[in-house]
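What follows is a set of notes on a single structure, which appears directly below.
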Amino acid sequence: MHRRSLPVLASVGQRGLAGRSGQWHRAVGLGVALCAVPVVEQQSSGSLSNDALIRRAVSLVTDSTATLLSQTTYALIEALTEYTKAIYTLVSLYKQYSNLLGKMNSDEVDAVWQVVIGARVDMTTKQQEYLRLESSWMTALRLSEMAAEAAYQSGADQASVTARSHIQVLKSQVQEVRLLSQKAETKLAEAQTDELIKARGEDSSLPQGVLGNSDDDPYLRED
């Protein structure tokens, strides 16, 4: 109805404004054109229901959150792997240090202990990095789980199933690497305990600070 009347309105506007400036003429022509835009948009968008538009949107969200989770998972696994390597390096140094106790003079003991301290600093730095990335990963995980639930609620079953499957795979990968790092932490605690026991028998040749630091070590405290 409205679309058939548009040429009439346009012709009336042109005749009524024939004696006025060209600026007003262009304004009326633009106004008539704009009146037709909502009719066209309504017809094109009406081909999709609100539910269909929601399912389309939620599918895009699940794709985006899946990408975010994949990236943060990769970063976290890499950081955990580096942290685990640093732990085993420190374990090896502790064992070497313990085996050399009683066989070195005080200067040699101090030099070796400085190497141990450097390895502990490196391990702590890598631990802080993985904890930072773990926080980002947990956020990405929550977003992915919320997106999967939104997909389920909106009826986008395939997107929901795909998202939940993706989440489970990545969680399993992170858990596997976590177990390796926890195993390494246990070995470190054991190595530190052995070193401390041997060190107490060699305290006359130890550098200052070697003994009495077990209370400050997070791997020897009982929480």
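Each reported figure results from applying straightforward, stated rules to the coordinates on display, with no laboratory input. Computed from a predicted model, the values in this text were never measured in an experiment. Here Cβ is always computed from backbone atoms with ideal geometry, including for glycine, and neighbour counts include all displayed protein chains.
Here VAL161 and ASN50 are evaluated by their C-beta separation; at R0 = 25 Å the FRET efficiency comes out at 0.65. Put simply, the convex hull of the Cα atoms in region 80-121 casts, on average, a shadow of 2.7 nm². Once you list every other residue whose beta carbon is under 12 Å from the beta carbon of ILE167, what net charge do they have if Lys and Arg are +1 and Asp and Glu are -1? Counting the neighbours of ILE167, the net charge comes to +1. List the lysines whose Cα lies under 27 Å from the Cα of LYS95, skipping any in the same chain that are fewer than 8 positions away. Qualifying lysines at Cα under 27 Å: LYS85, LYS103, LYS126, LYS183, LYS187, LYS198.
How long is the gain from ILE197 to ILE117 if the chain were fully straight, where each residue apart is worth 0.36 nm and the alpha carbon distance is subtracted? Intermediate results must be reported in sequence, preceding the final value.
On the way: separation 80, 0.36 × 80 = 28.80 nm, distance 1.81 nm.
That pair, ILE197 and ILE117, stretches by 27.0 nm at full extension.
Give me the distance in nm between label points sitting 7 Å out from Cα along the Cα-to-Cβ direction at SER172 and THR67, one decimal. With each label point 7 Å from Cα toward Cβ, the separation is 2.6 nm. With the highest mean first, a sort of the peptides 105-113, 118-126, 188-196 on other beta-carbon atoms found within 10 angstrom per residue produces 188-196, 118-126, 105-113. Size estimate for region 56-199 follows the Kirkwood approach: the inverse of mean 1/r over distinct Cα pairs works out to 17.5 Å.
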